[in-house]
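> What follows is a single structure, and I will ask about it in a moment.
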Amino acid sequence: MDTNGSVRRKTVILFPLPFQGHINPMLQLANILHTYGFKITIIHAQYNSPNPSNYPHLTFKPIDEGFSKIVDQLATNLDATYYIRYLNESCVDPFRDCLAKLLLGDQESKIACVITDAAFYFTQAVADELKLPRLTLRTSSMGCVLAYDALPFDSNKTCFCITKEDSDYEVSVPEYPLLKFKDISKITINPQGMGDYVTNTINQMKASSGIIWNTFKELEKSDLETISQDVRTPSFTLGPFHKYFPASSSSLIEQDRTIISWLDKQPPKSVVYVSFGSVALITKSEFQEVAHGLANVGLPFLWVVRPGMVVGSEWLESLPENFQERMGDRGRIVKWSPQQEVLAHPATGCFWTHNGWNSTLESICEGVPMICSPCFVDQPINARYVSDVWMIGVFLEDGFERMGIEMAIKRVMMDKEGEEIRERISCLKDKVNVSLDEGGSSFQSLNNLVDYISSF
Ligand code: UDP
């Protein structure tokens, strides 16, 4: 039985990109659709495989994508487009074979459609060949898709290599004036590869039978209108997905839950929570500046240092001398946190983030002001929306430097500006809740999606 009281036996097949920030929303979507009565099969890569035992109600089909052959390069090669291109080539045959077998095998439950990550653009051709509708899941913001589409990745590559010394560094980019040249220089080290990626994902998204966005209408209303003028494919904005199902069960690293009792002991809104997500890397000197900034500002902090995040270090070897002894109980460092719970905790005062889209949405949903330190791909775009459009965070404009860090944290945690930011983000938090309630925009969109899939 589904939540509307009727039986839906159709199967939906989902295929996530094998990275934490993509696996989380896809598995959340899988669980949402399961709640609505669909049978769910997840085709997945062996790299970063989800743990099937966390989801006994879903069926898992691993394919051999061969990512292990290039996995060593992740620590040194920062060209995200390289990995995406590799996966779009290596997955073609195993994905087609797996899908074809599933189509032949299950007579009991009709396979309604396949939902694949937008970055798996090759899947449209496979779905067409097998005459199966494909829906695209966009795990990034609408603003990101518009910016990617507008930026001149193919024609003017030099603007992506700009440095602090260039006179255009602080200047707005004519094709997308919200962004400065210094922002777009962070997006990619391979503009040509990025241009190909953008063209492929947007073309195959438009060719698909529907687009599912992990966002909510009230947040990206004008970008939704702009996209709707160009893209005729049905769009569904039913996010944020983590409000239906937490990300903890799809966590690839074990979450350190001991910090919850530490948070319980901290005063309300006093803790600076620091995390740069699952893939961002920082240098040793940046890492040390973060440590000095946190030490100097004098507030309690919870800092996620993912093993391997500091280039050339295994974990904490590059911390300033006696850092942890000096900080004592004021600061906690963990390898991975239960992030949603941390953000929802009353002691958390701000989130110093890399602005991955999931982290950004999670912060909005808990009304936690942000300090933005984007690293690459969509993060610089999300950070500009956070600081300049929604005005719910401050941008740590010029990288990791202790004085700038201290000032940014003080602006958010101690100044009037911080109070105003907190009011604005609390307002957005309320809007999220309204959109998810019965009759709200996300609630309605989810029902539309369920009806749409049922119609296949
Ligand atoms: N996350 C977590 N614990 C951490 C840091 C992150 O559970 O210590 C989760 C976070 O809640 C989010 C995901 O990992 O759902 C990261 O996705 P995001 O899009 O923010 O960034 P990415 O890792 O893709 O750069």
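The values are calculated or read from the model by the stated rules, or taken from the named source; none is laboratory data. A quick note: this is a predicted structure, and the numbers were derived from the prediction, not measured. Glycine gets a Cβ as well: all are built from the backbone with ideal geometry, and neighbour counts include every protein chain shown. All accessible areas refer to the heavy atoms of the entire protein, side chains included, with ligands and DNA or RNA removed. Shrake-Rupley method; radii C 1.70, N 1.55, O 1.52, S 1.80 Å.
> Go ahead and run the numbers for FRET between N448 and R257, Cβ-Cβ distance against an R0 of 35 Å, rounding to 0.05.
Once the sixth-power term is evaluated, E becomes 0.40.
> Ok, one more. Can you classify region 328-427 as rounded, prolate or oblate using the Cα gyration tensor, where a ≥ b ≥ c are the square roots of its eigenvalues, rounded means a/c under 1.5, and otherwise it's prolate if a/b beats b/c and oblate if not?
rounded
> Give, rounded to the nearest 20 debye, the magnitude of the charge dipole that the chain has about its Cα centre when Lys and Arg contribute +1 at Cβ and Asp and Glu contribute -1 at Cβ.
1020 debye
> Based on the mean of other Cβ atoms within 10 Å per residue, sort peptides 189-197, 343-351 so the most packed one is first.
343-351, 189-197
> Using the charge dipole of region 259-414 (Lys, Arg: +1 at Cβ; Asp, Glu: -1 at Cβ; taken about the Cα centre), state which of P320, L343, C372 has its Cα farthest towards the positive end.
L343
> At a Förster distance of 45 Å, what's the computed FRET efficiency of L130 paired with V389, Cβ-Cβ distance as r, to 0.05?
For L130 and V389, the calculated efficiency is 0.65.
> For the chain, state what percent of all Cα-Cα pairs lands in each successive 10 Å bin, counting from 0 Å until the bin that includes the largest distance.
Histogram of Cα-Cα distances, whole percents per bin: 4, 21, 31, 27, 13, 3, 0.
> Compare L294, L252 by solvent-accessible area with a 1.4 Å probe and give them largest first, with all protein chains kept in place.
In descending accessible area the options line up as L252, L294.
> Taking amide H positions as placed in the peptide plane 1.01 Å from N, state which residues far from S235 in sequence (5 or more) or on other chains have amide H under 5 Å from it.
Close amide H contacts, sequence-distant or interchain: I211.
> Loop only by DSSP, 13 or fewer other Cβ within 10 Å of the Cβ. Give me the trypsin sites (Lys or Arg not before Pro) in region 87-163 that pass, ordered by residue number.
Counting only loop positions with at most 13 other Cβ atoms within 10 Å, the trypsin sites (Lys or Arg not before Pro) in region 87-163 are K110, K131.
> Put a dot 7 Å past each Cα toward the Cβ at T226 and D154; how far apart are the dots in nm?
About 2.0 nm separates the two model spin labels.
> Something else: Is the C-alpha gyration tensor of region 259-414 telling us rounded, prolate or oblate? Criteria: a/c under 1.5 is rounded; beyond that, a/b larger than b/c is prolate, otherwise oblate.
Rounded, since a/c falls under 1.5.
> In what sequence, largest accessible area first, do D451, D256 appear using a 1.4 Å probe?
Result of the area sort, largest leading: D451, D256.
> Report, by chain and number, residues whose modeled amide H sits under 5 Å from the one on H44, excluding near sequence neighbours (fewer than 5 apart, same chain).
Those lying under 5 Å, H to H, from H44 are K61, I63.
> Sticking with this structure for a sec: Calculate the FRET efficiency for K410 and N54 from the Cβ-Cβ distance with a Förster distance of 41 Å, rounded to the nearest 0.05.
With a Förster radius of 41 Å, E is 0.50.
> Heavy atoms only, 1.4 Å probe, whole protein assembly: order E218, E366 by accessible area, highest first.
So, going from the largest accessible area down, we get E218, E366.
> Now a separate question. Taking the Cα atoms only, what angle lies between the long axis of helix 20-35 and the longest principal axis of the chain, rounded to 10 degrees?
50 degrees
> Relative to the present Cα-Cα distance, how much length would full extension add between T199 and D166 at 0.36 nm per residue of separation?
9.0 nm
> Continuing with this model, one more query. Residue by residue, what Karplus-based ³J(HN,Hα) values in Hz, rounded to whole numbers, does region 295-302 have, using 6.51, -1.76 and 1.60 with θ = phi - 60° and x for Gly and Pro?
Computed from phi, the couplings for region 295-302 are 5, 5, 6, x, 9, x, 9, 10 Hz.
> How do 63-70, 298-305 rank on mean C-beta neighbours within 10 Å, highest first?
Highest-to-lowest ranking by the protection proxy: 298-305, 63-70.
> If you don't mind, another one. Can you send over the solvent-accessible area of C159, 1.4 Å probe, protein chains only, in Å² to the nearest 10?
Counting only protein heavy atoms, the figure is 10 Å².
> How far apart, in nanometres, would the label points at S248 and E397 be if each is projected 7 angstrom from Cα along the Cα-to-Cβ direction?
Each label point is offset 7 Å from its Cα along the Cβ direction, giving 4.0 nm.
> Based on Cβ point charges of +1 for Lys and Arg and -1 for Asp and Glu, what charge dipole magnitude is obtained for region 259-414 about its Cα centre, in debye rounded to the nearest 20?
280 debye
> Then there's this: Check L302: other-chain or 5+ apart residues with amide H under 5 Å from its amide H, H built from backbone geometry?
Placed amide hydrogens put V272, Y273, V274, R332 under 5 Å from L302.
> How many Å² of accessible area per residue for region 259-414, probe 1.4 Å?
It amounts to 34 Å² per residue over region 259-414.
> Follow-up. Just going by the charge dipole of the chain, with Lys and Arg at +1 and Asp and Glu at -1 on Cβ, which of N355, V412, L104 is farthest out on the positive end?
Towards the positive end, the residue furthest out is L104.
> Still on this structure, please answer the following. Take each of the peptides 200-209, 423-432, average the number of other beta-carbon atoms within 10 Å over its residues, and list them starting from the highest.
By packing density, highest mean first, the sequence is 200-209, 423-432.
> If I ignore ligands, DNA and RNA and count only protein heavy atoms, how much of H292 is accessible to a 1.4 Å probe, in Å² to the nearest 10?
My reading of the accessible area for H292 is about 50 Å².
> Moving on to the next point. If I ignore ligands, DNA and RNA and count only protein heavy atoms, how much of F376 is accessible to a 1.4 Å probe, in Å² to the nearest 10?
It works out to around 40 Å².
> Taking 0.36 nm per intervening residue step and subtracting the Cα-Cα distance, what contour gain separates E108 from N77 on full extension?
The E108-N77 span can extend by a further 6.6 nm.
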